[in-house]
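To keep things clear, I will list the structure first and then write my remarks on it.
The values are calculated or read from the model by the stated rules, or taken from the named source; none is laboratory data. The model shown is predicted, which means the values in this text are computed figures rather than measured ones. Every residue, glycine among them, receives a Cβ derived from its backbone with ideal geometry; neighbour counts consider all protein chains shown. Ligands, DNA and RNA are excluded from the accessible area calculation, which covers all protein heavy atoms including side chains. Shrake-Rupley method; radii C 1.70, N 1.55, O 1.52, S 1.80 Å.
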Amino acid sequence: MAEQENPTNPTNPAIALLEKLTTRQKLGVGLGVVALFALIAVSWIWGQSPEYRVLYSNLSDRDGGAIIASLQQMNIPYKFAEGGGALLVAANQVHEARLKLASQGLPKGGNVGFELMENQKFGITQFAEQINYQRALEGELARSVESIGSVATARVHLAIPKPSVFIKEQQKPSASVVLTLQNGRFLDPAQVSAIVHLISSSVPEMPAKSVTVVDQSGTLLSAIHDGNEGLDAKQLKYVQQIEQSYNQRIETLLTPMLGATNMRAQVSVDIDFSRSEQTSESFKPNQNPNDGSVRSKQSSESMNGSGLNASGVPGALSNQPPAPATAPIVAQGASAAAGTGTISNMQKESTINYEVDRTIRHTVLPVGSIKRLTIAVVVNGNRKGVDAKGKPINKPLTDAEKDQINNLIKDAVGFDQARGDSLNVQIAPFTDVKDASDEIPFWKQRDVIELAKELAKYGLIAGVMLYVVFRVIKPAVDTLVAAQNQTGGFTAEEEEAAAKLAAEANYTPVVPSYEQSLQTARQIAMQEPKIVASVIKEWVNGNG
C-alpha cells in the first residue's frame, strides 16, 4: 500500500523549499500570511458589524449601571455615544431590550410617584404621611412634564400650606418647576402655558399665576405666557398662517407665468384682535292708525241734565219692553210736564294706544378681522427666454404683463382700497437666481456620497489585500522558485527518497522488461508526482 504524504516529512518539497530560505525571508513570508488572514477576518467582521441605535439617553448613573448589568446578563452587545450620554445597542434588538428592561422596572428614573404610598409603615405619623403624599404628587407631575418631547428631565416643588379654619389666614398653594431641555430644543409660549395649567389643575385651589417655570440656564419661562404684553402664541400663529396663505395664493398664480425663481412675494397683515359688542335701538315713524296694532283702548261718556227721573206706574206693566218709536205728537212742555226731563250737557272721550315700531340690535364684532393688507412683490427684470432662432435672451416685462400681474394679485388677496390696502410691484434684476442646470450635481448628492463611501471602504480592503499578496507573498514565492532553479538537480534527501520509493516498488538493478518498467514508472508517478515532474524537468534541461 502506498505511503501517504506527510506534511512534516522533511522530504516534502514545500518544507524543502522553506528550508532554503533565510530567516528574514521566512519571517516575511510568515508575517505576510498572517497579515492576509487577519485582513480577511477584519473585513468579514467589519462587513458583518450591525447598525447601532439609541436605546436610552440622558440616563442617571444609577439607572445606567443597572441597565448595563442587565444587558450583560442578556448577552446583548452595547456601546456608548455622545460622550457617554447615550447607550446604543444593535438596531434589531432595540425593542426587545426595552421590553425586557421594562419588565425589570428599568430605567427607574429619579422621580418616585404614588408607588411610594404602597409601602407605608405601620404607625406612621400624619406629618410623615402628608410629606409622602406631597413627594408622590411631585413625582407624578414631574413624570407628566417629562413626557413632553423637548423636556429631558423635570423637577417639581410644591408649597402646600396647612389648612386653616379662619378665612383670613387661608393661603393658596404654589409650585416651582425646573426643566432641563434637550440639546438644541426650546419651549414655545403655548407649551409653557400648557405646563403651567397642568400643574395648577393637578393641585386643588392653585391659581395658574402661582406656578413658576425655570429652565436649566435660569431663564424664567412662565413670564412669557402672560397675555397682557401683546399678542399671545395663538394670535401670532394665526397671523403667520394668514400671511403664508396669501403668499401661497400669489405664488400659485404667478409661477406659471413668471417661473418659480423669477418672483418673490411678501404679504403683511394687520389684524384686529380686539373684542367688542354693540347694542343699538331705532324707532321708525308712526304707521297708519288703521294698519297699526292696538295696544290699549279706553272710552268714557258723561251727560248733565234736569230730567232723567224714574216715571211710570210701578208694577208689572212698567217692566214691559218699550214700544216702537214714533214721532213725538206731544209738545216739549207737555213732555216736561209728564216728567221725562231734559239734557243740558253731554261729553264723550275715547283713547286708543298703538304699539310703537322699535328695533333693538345687538352686534358682536368678530375677533381677528383684517384691518389692512400690505403686499410687496418683486419680479425679475432679466427673465431668460429664447428668440425666434432658439438663442437665450433676456425677456423684460411688457406694460400689459405688468397690469396683468397687478390685477391677478388684487383678485387673489381680495384687495380693498377703501380698507387701506396697498400693493407695490417692483421690477428688478435678480442676482441669485439659479436655473435648473445649477442644481446639485450628481456626484454631490447625498445618496451618491453614501454609496461612494461604502465602495471606498470595500475598495480599501481589497487594495490592502492585493498589496499583501503582490508585495509580500508573491516576492517570497518568487524567491522560493528562484532558489529551486539555482540548485540544478536533486538534493541528497530527494535522491534518498527516490531510492526508497524504488526499493518499495521492487526495483532491481537487473534490466527489466518494457512492461515492468512501464508499470514501475506508473507506480512512482502515482505515489510521488512531484519527484517525477522534477526528473522530467531535468531530462528536458539536458541533465539526464
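Summary of computed values
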quantity	calculated
Region 161-218 - accessible surface per residue (Å², probe 1.4 Å)	66
Radius 15 Å from Cβ of Q93, net charge of other residues (Lys, Arg +1; Asp, Glu -1)	+2
Length released on extending from T374 to R358, taking residue separation times 0.36 nm less the Cα-Cα span	1.5 nm
Prolate/oblate/rounded label for region 53-201 (Cα gyration tensor, a/c 1.5)	oblate
Residues whose placed amide H lies under 5 Å from that of K395, excluding near-sequence neighbours	R383, K384, G385
From phi via Karplus (6.51, -1.76, 1.60), per-residue ³J(HN,Hα) for region 411-424 in Hz, x at Gly/Pro	6, 6, 9, x, 5, 10, 5, 5, 7, x, 5, 10, 10, 9
